[in-house]
Amino acid sequence: MTASDAPSPASTTEPIPIAVAYGDGIGPAIMEATLRILEAAKVPIAPETVEIGEKVYLSGVTSGMEPSAWEVLRRTRVFLKAPITTPQGGGYKSLNVTTRKTLGLYANVRPCRSFHPFVQSRHPGMDVTIIRENEEDTYGGIEHQQTAEMTQCLKLISRPGSERIARYAFDYAERAGRRRVTCMVKDNIMKITDGLFRQCFEEEAARHPNIEADMMIIDIGTARIADTPGTFDVVLLPNLYGDIVSDVVAQLTGSVGIAGSANIGDDFAMFEAIHGSAPDIAGKGIANPSALIQGSLQMLAHIGLSEHANLIQNAWLRTMEDGIITGDLVDARGRRGDAGTDAFANAVIQRLGDKPNTLPRSSFKDRANKAFETRAKVARPTKTLGGVDIFLDWDESGRDPQVLGEKVKALGTDRLQLKIISNRGVGVYPTGFPETYCTDHWRCRFLAPDGETATHDDILVVLKAIKDAGLDFIKTEHLCLFDGKRGWSLGDGE
Ligand code: NAD
């Protein structure tokens, strides 16, 4: 690199403090390689090491991170993290999930590009960015066993959470010069939760007429993206679907060893490789540092050092064009790479200032973080109570729904009357099919008479009657109307 190749901020800017964790397994080797490249490119950062991962877990800290490390993160607000090993056995909390939730890292951004023919891929043209909502959905970890046979996991989707990630996705598309955002949900089944995510996406899409917006049901969407990823641009997903689809798409580029990932919040951000600590190859000097390098370049763009990111990315692309790849990668002619971790990093450093000949040049743009609060608050709707679902654990009389139904019906009042009993969402009383398999978990739906509303006291009267009848209620769910609109789904047969 000549002096004129070095981006200007290096000489003018105070080093930006960042927290760095070397992690476990191959973590230290790929972090050293990555930081060596950043240093050679004269990136003005001041890394501060924090201890996280296996050693910390095994010392008895169930979160995998010492309180002192949290202090460093709070101060630096930017975290470059190598993969860690989660020890086997129970009791250890996922460090990633804790970090995302504690620091409010609501957006997970994973660019997945193919570098064909320098890295073999069946999808040469693909360049997809997956944006995954990172905090909500089933990842609240709110799970219960309710009966001997039944377990549940709560799926929580909020309007502020969905609005914020939709805004992030469109803003990302605009800043990155992307043309289309595709949202995938399963709102044909989950009309209320996935339906809200979709609604927020569509509301935001209407504010960005310059960006195409389309919707797909997650099952067909996943099939299409696995088959023809080159036809997608930016893809927005709720947490669980995003977890799965982002790994599928990263694998389609040719290897999980070359994709980085950013976890972005209003005040904090964390950058990492998408792969794990690869204990099977730790200490062998053969790990590919590219995914962590990619994560670090997303970090540079985030903190306003995109010129440095472009300098390094161009050198990295050129390195691969020159046939220098690590052993996890195969090129289009079937030749497996043989560069070790250090040799690969040295090759990138030697090419700082060079540009790729065939692959598109790097185009990182500064991504000074914006805060995406929820849109101006709409007036809170008027909430009324239309009834209650009372869930019972019942395993008597051969689980005959008619027996349970007659018993429960008699416990209704003129304020709350039994409408239907369903088992796993299928109506079994007053009508149903004898073929329907019934578990020990019954949902009894009580509704206020047409046009009337119920009160908490009305519910307590029914619950007391149920208890006095010797029935075991294990959960209640209020059936609320918002500005008169039903806020619950109808069961099959209702
Ligand atoms: P892994 O990603 O570590 O490894 C999967 C396979 O890919 C292995 O064969 C490995 O050798 C290979 N591989 C991964 N990264 C590579 C690289 N940079 N260069 C060359 N080959 C590479 O997944 P795993 O084996 O399921 O998990 C190992 C450990 O990592 C587990 O303890 C898991 O909990 C942890 N993990 C951590 C993170 C994280 O910290 N973000 C993510 C996933 C898994």
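Every number in this text was worked out from the coordinates using simple rules, so none of it is lab data. The structure presented is a predicted model; accordingly, all values stated were derived computationally and were not measured. In this analysis, Cβ positions are derived from the backbone assuming ideal geometry, glycine residues included, and neighbour counts consider all displayed protein chains.
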Taking the 0 to 90 degree range and rounding to the nearest ten, how far is the long axis of helix 159-175 tilted relative to the main principal axis of the chain, both from C-alpha atoms?
30 degrees
Kindly give Rg over Rh for the chain, based on alpha-carbon atoms, with the Kirkwood expression for the hydrodynamic radius.
1.06
Based on the Cβ-Cβ distance of Thr436 and Glu14, what FRET efficiency does E = 1/(1 + (r/R0)^6) give at R0 = 60 Å, to the nearest 0.05?
0.30
When only Cα pairs under 8 Å and 6 or more residues apart are kept, what is the percent relative contact order across region 127-252?
37 percent
If you place +1 on the Cβ of every Lys and Arg and -1 on the Cβ of every Asp and Glu, how big does the dipole about the Cα centre of region 127-252 come out, in debye to the nearest 20?
280 debye
For helix 290-302, what angle does its Cα long axis make with the longest principal axis of the chain, in degrees from 0 to 90 and rounded to 10?
80 degrees
Rank the residues Ile286, Ile26 as a footprinting-exposure proxy: fewest other Cβ atoms within 10 Å of their Cβ go first.
Ile286, Ile26
Dipole-positive endmost among Gly493, Tyr92, Ser114 within the chain (Cβ charges, Cα centre)
Ser114
Pairs over 25 Å Cα to Cα, from Lys81/Lys186; Lys191/Lys464; Lys155/Lys485; Lys81/Lys355; Lys55/Lys81; Lys42/Lys93, come to Lys81/Lys186; Lys191/Lys464; Lys81/Lys355; Lys42/Lys93
So the FRET efficiency between Val426 and Asp450, C-beta based with R0 = 25 Å and rounded to 0.05, is 0.55
With only helices counted (DSSP H, runs n ≥ 4, each -39500 (n - 2.57)), the per-residue ellipticity at 222 nm for the chain, to the nearest 500, works out to -9500 deg cm²/dmol
Students often get this wrong: which residues of region 434-473 have the backbone nitrogen under 19 Å from the point 7 angstrom along Cα-to-C-beta of Asp400?
434-442, 471
Sort Ile244, Ile52 by Cβ crowding within 10 Å, fewest neighbours at the top.
Ile244, Ile52
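Under the 0.36 nm per residue contour assumption, what length would be gained going from the current alpha-carbon distance of Thr49 and Gln199 to full extension?
Gain on extension, Thr49 to Gln199, equals 49.8 nm.
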Under 16 Å by backbone N from the virtual spin label 7 Å along Cα-to-Cβ at Gln350, the residues of region 24-65 are 37
Only Lys, Arg (+1) and Asp, Glu (-1) charged, at Cβ; the chain dipole about Cα centre in debye
1080 debye
Compute the Kirkwood hydrodynamic radius of region 212-270, taking the inverse of the mean of 1/r over all pairs of distinct Cα atoms, and give it in Å to one decimal.
12.8 Å
Lysines with Cα under 16 Å of Lys419, excluding same-chain neighbours fewer than 8 positions away:
Lys407, Lys409
By count of other Cβ within 10 Å, fewest leading, how are His144, His275, His116 ordered?
His144, His116, His275
Would you work out which of Ile131, Leu297, Ser59 lies farthest towards the positive end of the dipole of the chain? Charges go on Cβ: Lys and Arg +1, Asp and Glu -1.
Leu297
Along the charge dipole of region 383-486, Cβ charges K/R +1 and D/E -1, which of Phe482, Tyr429, Phe446 sits furthest on the positive end?
Phe482
I'd like the projected area of region 129-280, averaged over all directions, using the convex hull of its alpha carbons. Report it in nm² with one decimal.
11.4 nm²
For the chain, share of DSSP beta bridges that run antiparallel, in % to the nearest 5:
65 percent
Rounded to the nearest 0.05, what FRET efficiency do Thr358 and Asp227 have when you use their Cβ-Cβ distance and R0 = 30 Å?
0.70
At a threshold of 8 angstrom on Cα-Cα distance, excluding pairs fewer than six apart, so keeping six or more, what relative contact order does the chain reach in percent?
16 percent
Charge tally for neighbours of Glu494 with beta carbon under 13 Å away, counting Lys, Arg as +1 and Asp, Glu as -1, is +2
Take region 346-491, compute every pairwise Cα distance, and split them into 10 Å bins from 0; I just need the percent in each bin.
10, 30, 20, 9, 7, 8, 10, 7, 0
In whole percent, the Cα-Cα distances of region 91-203 spread across 10 Å bins from 0 upward as 12, 33, 31, 19, 5, 1
By how many nm would the segment from Val330 to Arg159 lengthen if fully extended, with 0.36 nm per residue of separation less the alpha-carbon distance?
57.1 nm
Between 0 and 90°, nearest 10: helix 341-350 axis offset from the chain longest Cα axis
60 degrees
